[in-house]
Amino acid sequence: MGSTLAELVDRAGALAADGRRAVLGIAGPPGAGKTTLAEALVAALPESWVAHVPMDGFHLADAELDRLGLRDRKGAPETFDAWGYASLLRRFLAGADEIVYAPGFERVLEQPIAGAIPVPRSVRLVITEGNYLLLGEGRWAGLRDVFSEVWYAGLDQQERLRRLIARHVRFGKEPAAAAAWATGTDERNAALIATTRGRADLVVPSALLSSLGADPGSEFLS
């Protein structure tokens, strides 16, 4: 199951059947179409009980990356607050609060924005996407049990790189710098992420991801 968007919508909706709360994760390397898939699912499900909470809001701020000496590794596993991410998702699952506010990520500034995404108590399904949902090491250990399922975005490598470079250019990098970052820092991260593919509950095929198009180019997204 999972060769069409309609099948994926049905599978996602079933996770929150009978009023239970659930978190669906979408993992995959940079540029694989995770955000586009998440937004397509959210658009097809009842607005009152689904929310999109991207992992990118848990990037460490540049000031903290500078303090840690990690600015040139931005986007690597150690440059995220994975503990805070897991804590927020568990808070949603507990359902004790009237509303949970999640951070967003502003791509033009390349900075997290606190309190940007409201998740009211009426929401039953959170769809979240990010690179390292299946990593299971270091600060990512123990995260897997937060998710009802994790899907892996298996976009073709050549198409993924093309989209990724275009995205970097769209958000301010010169073409040469965009290509260097995509094939350097991003590609090292992608190689690590690819090792987690076998842990996914479902691999979303490249053909389906391609049919959805590239990640949207809004200024405020994950």
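Placing dummy labels 7 Å off each Cα toward the beta-carbon, the span from Ala194 to Ala176 is 2.7 nm.
Here the chain carries DSSP beta bridges of which approximately 35% are antiparallel, counting only pairs with both residues inside. Considering only Ser148, Phe80, Ala96, the residue lying farthest towards the positive end of the dipole of the chain is Ser148, judged by Cα position with unit charges set on Cβ. Phi angles across the range 62-70 convert, under the Karplus curve 6.51 cos²θ - 1.76 cosθ + 1.60 with θ = phi - 60°, into 3J(HN,Hα) values of 4, 4, 6, 4, 5, 4, 8, x, 10 Hz, Gly and Pro given as x.
FRET efficiency for the Leu5 to Val108 pair, using the beta carbon distance and R₀ = 41 Å, is estimated at 0.90.
A straight chain from Ser210 to Glu98 at 0.36 nm per residue would run longer than the Cα-Cα distance by 36.5 nm. Going from the fewest other Cβ atoms within 10 Å to the most, the residues Trp49, Trp151, Trp140 appear in the order Trp49, Trp140, Trp151. If R₀ is 25 angstrom, what is the calculated FRET efficiency for the pair Arg20 and Trp83, using the beta carbon separation as r and rounding to 0.05? Efficiency, from the Cβ-Cβ distance: 0.50. Summarising the overall dimensions of the range 5-212 from its C-alpha atoms, the Rg and Dmax are 16.5, 51 angstrom. With both labels modelled 7 Å from their Cα along Cα-to-Cβ, the Asp72 to Arg91 distance reads 3.5 nm.
No value in this document is a laboratory result; all are computed from the given coordinates. Remember, predicted model here, so these are calculated numbers, not experimental data. Backbone-built Cβ (ideal geometry, glycine too); neighbour counts: all protein chains shown.
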